[in-house]
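Asks: Quick one: the structure is below, questions incoming.
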Amino acid sequence: MRRTLAVLALGLSLAAPGARADEFTKADTDRWQKEYLSVVADGRALWTSGALGTNGVACGQCHPNAANTHPETYPKFQKQLGKVAQLFEMVNWCLKNPLEGKPLAADDPKMTAIISYVNQERRGVKLAPGTH
Amino acid sequence: MSKLITRRSVMAAGAAGAVGTLTTLPISMVRLAFGGTRDDFTFTYISDAHIQQIKGASFVRNWDQGLKRAVAEANLVKPESDFVMFGGDLAQLGKKDELDHGAEILSHLSAKMHCVMGEHDYYLDLGEYWSKLYGPQHYSFDHKGVHFIVLNSILTTDEWTLHRWPSAEQRMQEMAGLDNPNGSPFMVGEKQRAWLKEDLAKVSHETPLVVFSHSPLQKIYKGWNFWTDDAEEVQALLQPFNSVNVIYGHVHQIQYNQIGNISFNSVMATAWPWPYPQTYAQAESHLPVLTVQMNRGDPFFERDATGWQLIDVNSGRIAARYQLWDNDPRTVAFDHKQGHPVDLAFQEPTNRRPPQTHY
């Protein structure tokens with residue numbers, strides 16, 4: 001606790017006068033969006049790359065524009081796995097099987113990029129967790 | 001096993017008017033017997049194998065298996081169907097090694113084969129090696145009173161084809177990505193349309209036509225080239241004929257439609273299924289409203305939502321019998337009373353199944 005306070009105090013002392021935790025500008029949100037879209041672009045590059053697995057097959061061969069991936073339905077009961085699963089588990093299933101490659105850690109930057117791309121292509125669709 | 005069903009028994013069973021069969025047995029020929037001299041027949045349709053080289057003599061096993069299975073099953077059909085069509089996209093990246101490997105698998109077919117050009121066969125060397133294997137890229141032939149026409153519908157502008165890309169390999173890669181915005185809309189083109197017009201001038205309007213193209217000769221979704229840019233011009237040349245049937249590959253899914261006198265049927269891929277275009281939430285598309293969609297594919301069954309077809313030709317109209325490896329087979333047949341193709345089991349909305357809903 002004391003340590004946390006010390007870190008906070010240090011943080012406060014370094015902050016510019018007047019900066020507050022809950023304030024940000026249009027320039028900030030523009031920058032954050034740019035960061036996100038650059039990860040989406042990385043995801044699109046991975047999605048269409050034959051280098052993600054070992055046999056040259058790309059995700060996009062079966063899923064143009066990441067269609068038929070249904071990110072809005074996860075987590076859901078995945079009948080083939082017999083349990084409630086997250087989208088990254090299905091991405092890994094595809095990496096191991098059709099792509100004959102190795103799975104990625106859930107927080108691997110490549111997985112983050114892939115999930116970002118899949119969600120970006122599905123933007124605007126209502127969340128429907130659990131839907132088969 | 002083959003089964004002979006008389007026209008009378010079909011009528012009695014209440015299937016009056018629909019071309020095709022009462023029961024569909026996966027590897028069997030079920031023919032309608034007509035009185036008189038009318039010559040009805042069946043041919044086999046295999047499409048979209050996408051044979052993909054990894055390196056050297058190593059190819060993607062999954063796609064190889066699809067084509068091998070279709071060829072093996074087609075050879076088991078008794079009595080043998082009159083001929084086999086291969087609907088295009090034999091290769092994934094148009095390479096000689098891929099076309100040779102695919103041709104080797106297809107060479108096991110016992111019936112005579114005719115081939116359609118796909119974009120994956122074409123854009124590396126502009127069809128040169130494919131033509132060495134399979135001959136002309138557009139042609140026509142007559143069989144038992146039906147005029148068959150094969151078109152190369154995957155051409156595009158000279159600028160895109162000849163001047164835009166630094167290498168043939170890049171040109172092929174750009175066209176191979178279905179959703180790649182750097183691709184270009186397919187077209188039959190002016191030269192081939194002039195040939196078609198000339199070819200059709202020799203044919204009576206009563207003669208049934210069956211036209212084979214790789215891309216749909218109708219406009220469904222431009223973003224994935226479920227589309228042919230000069231579809232209307234080609235349709236206009238076909239409309240004067242009483243019975244016109246267009247069969248196309250490329251879309252890796254069941255589609256069917258009716259525009260004037262022209263019936264449209266798609267065929268399945270042996271390689272992998274594609275999503276229906278409306279499942280891409282960011283763009284508008286126009287799947288024909290007649291189409292009852294195929295089941296959503298289950299990736300855990302490697303051959304699910306892929307397959308091959310037997311095509312019956314009766315009275316100048318066709319019935320497409322889809323041999324679906326991990327689903328019940330489906331038959332989409334022209335219904336003479338309604339004047340368009342119908343699915344014999346699922347056309348009525350109340351007969352549809354939850355897996356046929358795509359989103």
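Rule-based calculations on the coordinates, nothing more; no lab input. Since we're looking at a predicted model, the values are computed, not measured. Every residue, glycine among them, receives a Cβ derived from its backbone with ideal geometry; neighbour counts consider all protein chains shown.
Asks: Taking DSSP loops as anything outside H, G, I, E and B, show the longest stretch in chain B free of GluC sites (Glu not before Pro) there with at most 16 other beta carbons within 10 Å.
Replies: B:81-205
Asks: Which trypsin sites (Lys or Arg not before Pro) in segment A:75-132 pass both tests, a DSSP loop state and at most 12 other beta-carbon atoms within 10 Å? All intermediate terms of the calculation are to be shown ahead of the outcome.
Replies: Working: sites: A:Lys76, A:Lys79, A:Lys83, A:Lys96, A:Lys110, A:Arg122, A:Arg123, A:Lys126; in loops: A:Lys79, A:Arg122, A:Arg123, A:Lys126.
Of the trypsin sites (Lys or Arg not before Pro), the ones in loops of segment A:75-132 whose Cβ has at most 12 other Cβ atoms within 10 Å are A:Lys79, A:Arg123, A:Lys126.
Asks: What's the local net charge at B:His143, with K and R +1, D and E -1, over the other residues with C-beta under 11 Å away? Write out the running numbers ahead of the final one.
Replies: Values: positive: B:Lys112, B:Lys144; negative: B:Asp39, B:Asp82, B:Asp142.
Summing Lys/Arg as +1 and Asp/Glu as -1 gives -1.
Asks: How large is the charge dipole for segment B:41-356, taken about the Cα centre, if only the Cβ atoms of Lys, Arg (+1) and Asp, Glu (-1) carry charge, to the nearest 20 debye? Each step should come with its number before you reach the end.
Replies: Values: 26 positive and 38 negative charges, 103 e Å.
The calculation lands at about 500 debye.
Asks: If the cut-off is 22 Å between C-alpha atoms, which lysines fall inside it for A:Lys110, apart from same-chain ones fewer than 8 positions away?
Replies: A:Lys34, A:Lys96, A:Lys102
Asks: Something else: Enumerate by residue number the trypsin sites (Lys or Arg not before Pro) in segment B:261-346 meeting two conditions: DSSP loop (anything except H, G, I, E, B), and at most 15 other Cβ atoms within 10 Å of the site's Cβ.
Replies: Details: sites: B:Arg296, B:Arg303, B:Arg317, B:Arg321, B:Arg330, B:Lys337; in loops: B:Arg296, B:Arg303, B:Lys337.
Sites meeting the loop and neighbour criteria: B:Lys337.
Asks: Just to be sure I understand the model, the point goes 7 Å from the Cα along the line to the Cβ. What's the resulting B:Glu348 to B:Leu133 distance in nm?
Replies: 4.6 nm
Asks: If you take every residue apart from A:Thr54 with its C-beta less than 14 Å away from the C-beta of A:Thr54, what net charge results, scoring Lys and Arg +1 and Asp and Glu -1? Could the numbers behind the result be given before it?
Replies: On the way: positive: A:Lys96, A:Lys102, B:Lys55, B:Arg61; negative: A:Glu100.
It works out to a net charge of +3.
Asks: Please give the FRET efficiency for B:His336 paired with B:Ala236, using the beta carbon to beta carbon distance and R0 = 25 Å, rounded to the nearest 0.05. Present the calculation step by step, with values, prior to reporting the outcome.
Replies: On the way: r = 24 Å, r/R0 = 0.96.
The value I calculate is 0.55.
Asks: Is segment B:152-206 rounded, prolate or oblate when judged by the Cα gyration tensor, a ≥ b ≥ c being the square roots of its eigenvalues, rounded requiring a/c under 1.5 and prolate requiring a/b larger than b/c?
Replies: Details: a/c = 4.06, a/b = 2.61, b/c = 1.56.
Note, shape of segment B:152-206 comes out prolate.
Asks: Given axes a ≥ b ≥ c from the Cα gyration tensor, I'd like to know whether the protein assembly as shown is rounded (a/c under 1.5), prolate (a/b larger than b/c) or oblate.
Replies: Prolate, since a/c reaches 1.5 and a/b exceeds b/c.
Asks: If you don't mind, another one. For B:Lys144, list the aspartates and glutamates whose Cα falls under 13 Å from its own Cα; do not include residues on the same chain fewer than 8 positions away.
Replies: B:Asp39, B:Asp40, B:Asp82, B:Asp312
Asks: Mind checking which lysines have their Cα closer than 17 Å to the Cα of A:Lys126? Skip sequence neighbours fewer than 8 apart in that chain.
Replies: Correct list for A:Lys126: A:Lys76.
Asks: Are there any GluC sites (Glu not before Pro) in segment A:23-132 that are in a DSSP loop and have at most 11 other Cβ atoms within 10 Å? List them by number. It would help to have the intermediate numbers written out before the result.
Replies: On the way: sites: A:Glu23, A:Glu35, A:Glu72, A:Glu89, A:Glu100, A:Glu121; in loops: A:Glu23, A:Glu100.
Loop-located and lightly packed - A:Glu23.
Asks: So how much slack lies between A:Leu37 and A:Ala128, counting 0.36 nm per residue of separation and subtracting their Cα-Cα distance, in nm?
Replies: Numbers: separation 91, 0.36 × 91 = 32.76 nm, distance 2.37 nm.
30.4 nm is the gain from fully extending A:Leu37 to A:Ala128.
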